[in-house]
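Colleague: Take a look at the following structure, please.
Values in this text are rule-based calculations from the coordinates and carry no lab data. Note that the structure is a prediction, hence the values are computed from the model and not measured. With ideal geometry, Cβ positions are generated from the backbone for all residues, glycine too; neighbour counts draw on all protein chains shown.
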Amino acid sequence: MPAVPPGREHPVDHVDELAFDGRPFDALAAVGTRETVPVPPVPVQAPPVGVAVPAEAGPGCPAAVAARLVAQLRGEIITAHLAAMEVQTRWQERTLAALDEGPAVASSAQLTRTQTPTRGVVGEPGSRLVLSWTGVAGEEPVMVEGSVVEPATDLVLAPGCYRPEGGLEPLATTPVTRLDAADLARLAAGRAGDVFGPRYAQPAPALPGGPLTAVTELRTGGPVTVGVLRATTPGPRAAADVLAAGWHAASVLATWLGLHLVLPDATLVPGATATVDLIDTIGGDAELAAEVVAADLLPRPWLTLDTELRVADRVVARLTGLTLVVDGTPAGTRGGGHPPARPVRRGITGEFAAVDELALATASLGDLTLALGPEFARYAERRATRPPAGGLRLVGRVMQVHGTRGELSGGAVGITEYDSAADAWYYGAAPSPTVPNVILMETSLQSALLLGYHLGATLVDAASDYCLRNLDGSATLHRDVDLRGRTIHQRSTLLTTTVLTGAVLQGFTYELWLDGENPETDAPFYTGQSLFGFFTATALANQTGLDNGASVPNWLDEHPQQQVRVIDAAVGATGPLELLSRVEVVDGGGLHGAGYLRAVRPVDPADWFFTRHFHLDPVMPGSLGIEAVIQALQAWLVDSGAAGELTEPEFVVPAGVEFTWRYRGQILAGDGEMTLEVHIRDVQRKAGRVRVIADASLWKPGLRIYELDGIAAELREKGAPQW
């Protein structure tokens, strides 16, 4: 049994229970006073009740043994209790001694203690505090829980890489990576445009005049590839100092990401709680290291930050789970499709957007009113046409709509923009860091269909719920383009609208330019035309595929005697774009005698794209089915030895090749598998380039539903001249 501290001996035989006759110990109660807080004595109850040993009992009888065990246990409780009081006294003495060293570093908030921690001493080194705070300067954070610091892994501050699919992409980008005291003062005044550049040139929330004295590093990175910050700040003297430094860092990161750019009169509001580990208190300067661990646009832009304060590479404090929300009232579309009365978001040329990223993100997961107006409120939780969500939402802003809601005959024009971030998920998931065909198709088709939807295509029968399906189209990439870090400017034109029983059909043309190009004088880099249908559930249930409901076999099933070999489909695609694992090849086979490919892909209800395309109406994007065909062609090109002719080969979308598609059905979550076949038509070569052109079809079980003409894949030498 541990020894009792000298002078604190108590006769164990006369103690039955322990209690305090006074107030619980509070280390913070001593702050601001020179008085020593006495430790109250422990009252002793006598005589003990219920533990008497019969006189005739010997030392080995059960009652005597039990009595000795009880007495020993009580003695250990008393000893532990008194030892804890000794430790608390020493912590208090340390707190009082610290007052002689001068005032603590000023912070924008002071700690208010509302509950005794379960372990440790509130506010002292070695304590872990869960704090709640309103975010208003001068208001005190409130402790909701306390304990002792537990071991934790230091922040890694991972370098920037490609963002994960569905991850937050910044609403503006800047080359600025460091901030001095003058820059922080400008941010404190709400002048983000003066610090980060013209894309930020609109009113920004004034940042707190926090403790950071300089930001030494500001970049993409961290566990979710959103943001990392390093800064200098005074060393922490209290948990509130750690919270103030973390809040300042989170505010800088939120502004750097442009999260305020979609909200007029944006304000910065903290989340529910954050946890502070105060490992040690120091004077002088410390390095702050922070990384964003979670972020999104919905329901309002927000981020969650983990932070460390370090001195000579030693962590002296941690702040985890600090959430910052950019709050405000979004600028929504008005009745009749009119743009917001008070627009806030600006496009690449500085013009106001009619529909911004927040409105489109909100529409993709339910509420359509911000993007389209109050006429669409009834669709909030109903199966209806919506933009895709997450990484498949590939329209950034609707800049202009030249047309009147309800006038569907043709001639209306829509202008949209999409920022293709240099570290967007699809550049990392594609076989080469060039834009894959699926992205060109999706961004152009989504922009076109938004025009027809905005004009009120489904409002012709407001009592019905309509779902969107692309039916056919054609597209051409006219020249090689590097879209990384560029903004796509698109002009879509409504050609026709046909209203049928259970369906509304609309045809469009579209043209795409890069930022800096003049649509009036410069040729577009990509053009296309497409037909969309808005269908009721009854109409969709009657789809019969491309062959009027007949089950048409693929070519290999019709020619089972052909010699088949299997090649690896791994061409470098990863994650969301890894669509095939193996391809069957018949050399010299197919309709053109130049080669035949077949591949089967399992369809899992958990496939990532079903939650993206669309909310309450999950179907595989047709463009991803086409991408699977292209990957089969890419695998065949590699197998043919074409890549061996090139030093630095990379896959690109072939320029100057028009391809067409027809869809008469969709891959659904319960289909189990899809089958594709490819008929090689031609192989073409130029200096530093080789391409294959083919025709293809795709099946769901029992039905052929896609037909492609002129689909192509190309390998080129990096930096090779245009085709």
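Colleague: Once the convex hull of the C-alpha atoms of segment 555-717 is built, how many Å³ does it hold per residue, rounded to a whole number? Write out the running numbers ahead of the final one.
Modeller: Working: hull volume 18.7 nm³, N = 163.
Enclosed volume per residue, from the Cα hull, is 115 Å³.
Colleague: On to the next question. Is the C-alpha gyration tensor of segment 147-189 telling us rounded, prolate or oblate? Criteria: a/c under 1.5 is rounded; beyond that, a/b larger than b/c is prolate, otherwise oblate.
Modeller: Values: a/c = 2.38, a/b = 1.24, b/c = 1.92.
Oblate, because a/c is 1.5 or more while a/b does not exceed b/c.
Colleague: Now, a different point. Taking Rh as the Kirkwood radius, which is the inverse of the mean 1/r over Cα pairs, what is the Rg/Rh value for segment 359-410?
Modeller: Expressed as Rg/Rh, it is 0.99.
Colleague: Something else: Over segment 127-327, calculate the relative contact order: mean separation of alpha carbon pairs under 8 Å at least 6 apart, over the residue count, as a percent.
Modeller: Details: 490 pairs, mean separation 47.2, N = 201.
Averaging sequence separation for qualifying contacts and normalising by length gives 24 percent for segment 127-327.
Colleague: I need the peptides 256-266, 669-679 ranked by packing, meaning the mean over residues of other C-beta atoms within 10 angstrom, with the highest value on top. Before the final figure, lay out the partial values.
Modeller: Working: 256-266: 23.0, 669-679: 18.5.
Descending packing order for the listed peptides: 256-266, 669-679.
Colleague: Now a separate question. Nearest 20 debye, what's the magnitude of the dipole of segment 127-169 about its Cα centre given +1 on Lys and Arg Cβ and -1 on Asp and Glu Cβ?
Modeller: Working: 2 positive and 7 negative charges, 17 e Å.
Once rounded to the nearest 20, the dipole reads 80 debye.
Colleague: ³J(HN,Hα) across segment 132-138 via Karplus (A = 6.51, B = -1.76, C = 1.60, θ = phi - 60°), whole Hz, x for Gly/Pro?
Modeller: Each residue of segment 132-138 in turn: 10, 8, 7, x, 7, 4, x Hz.
Colleague: If we restrict to alpha carbons, what Rg and Dmax does segment 601-643 come to, in Å?
Modeller: Every Cα atom of segment 601-643 included, Rg and Dmax give 14.0, 45 Å.
Colleague: Determine the equivalent ellipsoid of segment 558-612 by diagonalising the alpha-carbon gyration tensor, then write out the semi-axes as square roots of 5 times the eigenvalues, largest first, rounded to whole Å. Write down the numbers at each step before the final one.
Modeller: On the way: eigenvalues 156, 32, 18 Å².
In descending order, the three semi-axes are 28, 13, 9 Å.
Colleague: Would you pull out the residues with amide H under 5 Å of residue 189's amide H, same chain only if 5 or more places away, H placed 1.01 Å from N?
Modeller: Amide H to amide H, under 5 Å and 5 or more residues apart or across chains, residue 189 pairs with 207.
Colleague: Taking amide H positions as placed in the peptide plane 1.01 Å from N, state which residues far from residue 346 in sequence (5 or more) or on other chains have amide H under 5 Å from it.
Modeller: So residue 346 has HN proximity to 353.
Colleague: If you don't mind, there's one more thing I want to ask. Ranked highest first by the average count of other Cβ atoms within 10 Å around their residues, in what order do 454-461, 308-315 fall? Present the calculation step by step, with values, prior to reporting the outcome.
Modeller: On the way: 454-461: 20.0, 308-315: 16.2.
Result, highest mean Cβ count within 10 Å first: 454-461, 308-315.
Colleague: Also, I was wondering about something else. Please report, to one decimal in angstroms, the Kirkwood hydrodynamic radius of segment 127-327 built from all distinct Cα-Cα pairs.
Modeller: Details: mean 1/r = 0.0599 Å⁻¹.
When all Cα pairs of segment 127-327 are included, the Kirkwood radius is 16.7 Å.
Colleague: Compute the whole-percent fraction of alpha carbon pairs in segment 155-274 spaced more than 20 Å apart. It would help to have the intermediate numbers written out before the result.
Modeller: On the way: 3034 of 7140 pairs.
The calculated P(r) of segment 155-274 puts 42 percent of pairs beyond 20 Å.
Colleague: Which cross-chain or sequence-distant (5 or more) residues have an amide H under 5 Å from the amide H of residue 673, H modelled 1.01 Å from N in plane?
Modeller: Sorted by chain and number, the residues that satisfy this are 603.
Colleague: Counting only other residues whose beta carbon sits under 10 Å from that of residue 421, what net charge do I get with K and R as +1, D and E as -1? Provide the component values of the computation, followed by the final result.
Modeller: On the way: positive: 163, 484, 486; negative: 169, 419, 423.
Charge balance near residue 421 sits at 0.
Colleague: May I ask which residue of 676, 660, 697 lies farthest towards the positive end of the charge dipole of segment 633-723, with charges of +1 (Lys, Arg) and -1 (Asp, Glu) on Cβ and the Cα centre as origin?
Modeller: Toward the positive end, the furthest listed residue is 660.
Colleague: Another one. Once you list every other residue whose beta carbon is under 14 Å from the beta carbon of residue 396, what net charge do they have if Lys and Arg are +1 and Asp and Glu are -1?
Modeller: Every neighbour counted, the sum reads -2.
Colleague: I need the peptides 575-588, 612-625, 537-550 ranked by packing, meaning the mean over residues of other C-beta atoms within 10 angstrom, with the highest value on top.
Modeller: Top to bottom by mean Cβ count within 10 Å: 612-625, 575-588, 537-550.
Colleague: Now, a different point. Which number comes out as Rg/Rh for segment 656-703 once both Rg and the Kirkwood Rh are worked out on C-alpha atoms?
Modeller: 1.12
Colleague: Please state, to two decimals, what the Cα-based radius of gyration of segment 335-541 comes to when divided by 2.2 N^0.38 Å (N = residues). Can you show the working numbers first?
Modeller: Working: Rg = 16.4 Å, N = 207, 2.2 N^0.38 = 16.7 Å.
In units of the 2.2 N^0.38 Å rule of thumb, it is 0.98.
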